[in-house]
Amino acid sequence: MTKGRIHSICISAARGTLKSEVKQAQLISGFGIEGDGHAGEWGRQVTCLAWESVQKINKEKNMNIGPGQMAENILIEGLDFSKIGVGEKIKIGSDAVLEVSQIGKEDHPVW
């Protein structure tokens, strides 16, 4: 199992919209993050992104993208996403475990 540190948690009421940062959230097994539009009984309940990827885009494109602006639920730092495959598990925090069901997703135009 792979571990990372939570940089931020973000939710939105509807799919396909930018998310807002929250201080804490309830992860419901087999459902997703309570109050988030992606939660439900389907294959992509939680979207994760490496914080380092956001920092890289900000530097390369001279931008200031923050948490939730790439429609992600959880920004994780200290985790090399290139070494994680479908079916692998990611441990976040003290007890949250996510199973990777998909790599990548359709881009949302944020810039």
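Throughout, read-outs are computed from the coordinates displayed, never taken from laboratory work. Just so it is clear, the structure is predicted and the values come from calculations on it, not from any experiment. Cβ: placed from backbone, ideal geometry, glycine included. Neighbour counts: every protein chain shown.
A few remarks follow.
- Members of region 62-78 that are farther than 19 Å from I11 by Cβ and free of Cβ contacts under 8 Å to residues at least 60 places away in the same chain: N62, M63, N64
- Search result, residues across region 45-76 that are of a type in the set (D, E, K, R), surrounded by 11 or more Cβ atoms within 10 Å (Cβ to Cβ) and more than 11 Å from the chain's Cα centre (by Cα): E52, K56
- Selection within region 3-59 - in a strand (DSSP E or B) and without any contact (Cβ under 8 Å) to a residue 12 or more places away in the chain: I28
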